[in-house]
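Chemist: Below are the structure tokens for one structure; questions will follow.
Readers should treat all values here as calculations from the given coordinates under stated rules, not as data from a laboratory. All values reported here derive from a predicted model rather than from experimental measurement. Note: ideal-geometry Cβ built from the backbone for every residue, glycine included; neighbour counts use all protein chains shown.
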Amino acid sequence: MKSPKTMDDVNKKYRSPQLVSNISSEINALKAEIANRLMLALVILCCIGLPISLARWPNLGFQLVFAVHILLTASTIIMYFRPTKENYKVDYLYISAFLTLLAAMGLYSFGLQSGGFIHFIFAAFIIAGIFSLKASIIYLIFSSSGTAILGLLFSQGTITHVIEPNIYASSMGAWSIAIFSGVITSTLFLTAGYAYYRKLKSSLELLETQNEKVEYLANHDHLTGLTSPRLAQEQLDLTLNLAKRHSFKAAILYIDVDDFKLINDALGHDAGDFALKEIANRLKDLIRDTDIACRQGGDEFLVILHYPVTKEACEEICRRLISAFDSRLPYKEHEIKINLSIGVAIYPDDGERQDELRIKADKAMYTTKHQQKNNYLFADEL
């Protein structure tokens, strides 16, 4: 089992058609949830607002806008309680049409006193969010043009207010309906905004968790949890640069499991994975916190030893690593014997560049593997 080599490898794993499909499904689910919330808010507001609107009937007489309010309330209730709601876009289209008709009739009946233009703005907001910005701009152009035409007709006296503005402004019912118009739009805005905020917060938390997972997989071996080869290469470069700057020694250990194939062949790959995990755990226990253990791939490991490093210290670590597996590992009804061959290269004695040290440590490891398994050898002893 191979570890991811680069961040791109990990990203490719997660950039799958299934992931894209899941994201698209979540977005559609969010839009459907918001549509349902908006329709419910609209039903409640209609049930409250209709009596307020009709309360002006005795003072103003019957107006066409009252019939529109009755029709909108009835149609909103029917739309919300309809048996099938498979297409959420129908709800958004209805809400946009509702707001447009409400605004248009208010402006036609009472002019700017109705405060209806704010409904156009929210309808444009819905159209932009569900359909497209282009559609929203076109809608605003038409609604603004319609408002301008009404304004021109009012200003030229072609049409007149059903009640004088000063008298209308002194009516408590007029103030109530103006306030309620603001409440309608504000409630719809807050309903949609809060739903988006909750989903955005949830998505950001999920994205952060996903990024942490991707970052971990890119920097760690997925089987053993040890540092990945990519990160180990970066850390070794950093170690060598520090060693050069401060004139101290560093070392790398190349470790290979002797006859690892026999474990896989005799007991299966699960046994091999078990052995690799045990080796990784003991490596982490035996090295210092400042040192780095890496699984190179397969049954090969790399250990980077930071300052202070001496040949004697390297020998001690090698002996401890080998002796850590003097006893066989119990595995189910079997026992596994682990032998390690280790090659050691020291900076700057065996080389100053990473590739030089790696080549020499690898050569020392294979030399001791062929000459005397379960042993260690320094590069300068070749």
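Chemist: Points 7 angstrom from Cα along the Cβ direction at residue 339 and residue 85: gap in nanometres?
Modeler: If labels sit at residue 339 and residue 85, their model points lie 7.1 nm apart.
Chemist: Kirkwood Rh, the stretch 204-249, all Cα pairs: how many Å?
Modeler: Radius from the Kirkwood sum: 12.3 Å.
Chemist: Between residue 311 and residue 40, 0.36 nm times their residue separation minus their Cα-Cα distance comes to what?
Modeler: 89.9 nm
Chemist: Over the residues of the stretch 234-382, compute the C-alpha Rg and express it relative to 2.2 N^0.38 Å.
Modeler: 1.04
Chemist: A follow-up question, please. Expressed in nm to one decimal, what extension gain is obtained for the pair residue 300 and residue 54 from 0.36 nm per residue of sequence separation less their Cα-Cα distance?
Modeler: 80.3 nm
Chemist: Test of understanding: what is the full-extension gain from residue 148 to residue 264, defined as 0.36 nm times their sequence separation minus their Cα-Cα distance?
Modeler: In short, 33.6 nm is gained.
Chemist: While we're on this one: Report the calculated FRET efficiency for residue 290 and residue 319 (r = Cβ-Cβ distance, R0 = 22 Å), to the nearest 0.05.
Modeler: According to the calculation, E is roughly 0.65.
Chemist: Lysines within cross-link reach of residue 85: Cα-Cα under 23 Å, excluding same-chain residues under 8 positions apart?
Modeler: Reachable lysines: 31, 199.
Chemist: Given the pairs 311/369; 249/373; 244/284; 213/369; 277/363, which span a C-alpha to C-alpha distance of over 31 angstrom in this model?
Modeler: 213/369
Chemist: Can you work out the FRET efficiency for the pair residue 281 and residue 159, with r the C-beta to C-beta distance and R0 = 56 Å, to the nearest 0.05?
Modeler: Efficiency, from the Cβ-Cβ distance: 0.05.
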